[in-house]
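Worksheet for the structure shown next.
The values are calculated or read from the model by the stated rules, or taken from the named source; none is laboratory data. Values in this document were obtained by computation on a predicted structure and should not be read as measured data. Backbone-built Cβ (ideal geometry, glycine too); neighbour counts: all protein chains shown. These area figures cover heavy atoms from the full protein model, side chains too; ligands, DNA and RNA do not enter into them. Shrake-Rupley method; radii C 1.70, N 1.55, O 1.52, S 1.80 Å.
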Amino acid sequence: MPRVPAYFDAFLAAVATGAEIDHVHLGHWDEPDALGPRRARATFAAAQVRLSERLVDLLGIRAGDRVLDVGCGFGGTLRALRLSHPGADLVGLNIDARQLAVSLGREPAPTNATWIAADACRLPFAAASFDRLLCVEAAFHFASRAAFLAEASRVLSPGGVLAMSDFVLARPPLPPGVVAAFEERLEAEFGPWPDKWTALDEIGRDAARAGLALAVQDATRHTGPSYHTIAPDDRTGLTGGAVLRELHRTGCLRYLYLRLEKR
Ligand SMILES: C[S@@+](CC[C@H](N)C(=O)[O-])C[C@H]1O[C@@H](n2cnc3c(N)ncnc32)[C@H](O)[C@@H]1O
């Protein structure tokens with residue numbers, strides 16, 4: 001069974017003491033450039049909602065669609081869908097049953113949602129079970145993006161759509177010791193992250209092999225202010241957040257919205 005990301009222990013502990021955490025991913029700002037650190041932090045939660053809305057928009061959900069959110073976290077996107085698309089049939093899937101238990105206890109009551117503990121690379125559904133698939137900032141954790149895309153294609157009906165966001169990191173042109181330290185921090189704080197350095201071309205080839213037509217939107221700039229929250233400038237030392245912030249600053253990190261349509 002794949003490992004649950006260890007950083008969720010802290011989120012679960014916060015939830016246990018009353019924190020209302022809906023989303024665990026970066027935010028999207030339409031006008032990110034003039035934003036200072038304080039404003040970026042104050043608007044982070046709203047920007048997280050906006051990012052998940054951007055991906056939902058890519059899906060084009062119709063009444064009666066069967067929708068699966070893979071790596072659904074605490075279910076914030078599905079809860080929003082429950083209100084915006086009451087006619088859709090919603091399923092949330094996560095490797096971590098503890099997160100699903102939190103989702104189950106939240107309002108609005110999930111009358112049209114089901115929650116399933118399983119691995120994204122071995123989806124426990126028959127072929128063509130869904131019309132729309134979501135995967136918000138989770139695929140970098142999966143054992144293999146190629147295996148996930150093949151599974152996504154299998155469970156989508158013809159003409160179905162997967163919308164996902166993902167980090168695509170290029171190996172930075174730095175001494176091997178520095179790159180190894182970056183890798184160690186990413187794995188320790190944000191792992192599992194099996195395939196850290198990858199290329200969009202590779203994802204494009206995996207998508208084509210899975211029979212999915214890929215369209216890409218680069219949201220890197222729009223997610224930039226997130227680093228004021230996940231790696232505040234006054235933190236010292238090499239943290240996982242600081243590594244992501246540095247890769248973002250040096251153009252080695254791209255944050256992408258991917259729309260994949262089953263041919
Ligand atoms: C960065 S969080 C994003 C959570 C959620 N999509 C959101 O937007 O708030 C990554 C999620 O992927 C889940 N995950 C990690 N590996 C997984 C796997 N192999 N199969 C299914 N879910 C997985 C984690 O438990 C976590 O909920």
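Observations on the structure shown:
Residues checked against (1) within 12 Å of the ligand (Cβ to nearest atom); (2) in contact (Cβ under 8 Å) with a residue 24 or more places away in the chain; (3) among the polar types (S, T, N, Q); (4) farther than 27 Å from Arg221 by Cβ:
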residue: Arg3; (1), (2), (3), (4): yes, yes, no, yes
residue: Ala6; (1), (2), (3), (4): yes, yes, no, yes
residue: Ala14; (1), (2), (3), (4): no, no, no, yes
residue: Gly73; (1), (2), (3), (4): yes, yes, no, no
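- Any hit, region 27-46, residues being hydrophobic (A, V, I, L, M, F, W, C), under 25 Å from Ala120 (Cα atoms) and within 14 Å of the ligand (Cβ to nearest atom): no
- Tally of residues being open to solvent by less than 40 Å² (accessible area, probe 1.4 Å) and farther than 18 Å from Val70 by Cα across region 36-59: 5
- The number of residues in region 126-147 being within 12 Å of the ligand (Cβ to nearest atom) and open to solvent by 20 Å² or more (accessible area, probe 1.4 Å) comes to 7.
- Residue selected from region 1-48 under the condition closer than 27 Å to Trp193 by Cα and of a type in the set (Lys, Arg), by the criterion modelled with the lowest pLDDT: Arg3
- A residue that is outside any loop (DSSP other than H, G, I, E, B), touching a residue at least 12 places away in the same chain (Cβ under 8 Å) and of a type in the set (Asp, Glu) cannot be found anywhere in region 220-242.
- Region 94-109, subset touching a helix residue (DSSP H, G or I) at 6+ places or on another chain (Cβ under 7 Å) and assigned to a loop (DSSP other than H, G, I, E, B), residue surrounded by the fewest Cβ atoms within 10 Å (Cβ to Cβ): Pro108
- Criterion: without any contact (Cβ under 8 Å) to a residue 12 or more places away in the chain and in contact with a strand residue (DSSP E or B) (Cβ under 8 Å, 6 or more places away or on another chain) - qualifying residue of Ala215, Ala208: Ala208
- Number of the exception - Leu93 against (1) closer than 17 Å to Met164 by Cβ; (2) at pLDDT 95 or above; (3) out of contact with any Gly (no Cβ under 8 Å at 6 or more places or on another chain): (3)
- The condition (being assigned to a helix (DSSP H, G or I), among the β-branched types (Val, Ile, Thr) and out of contact with any His (no Cβ under 6 Å at 6 or more places or on another chain)) is satisfied by just one residue among Val24, Val15: Val15.
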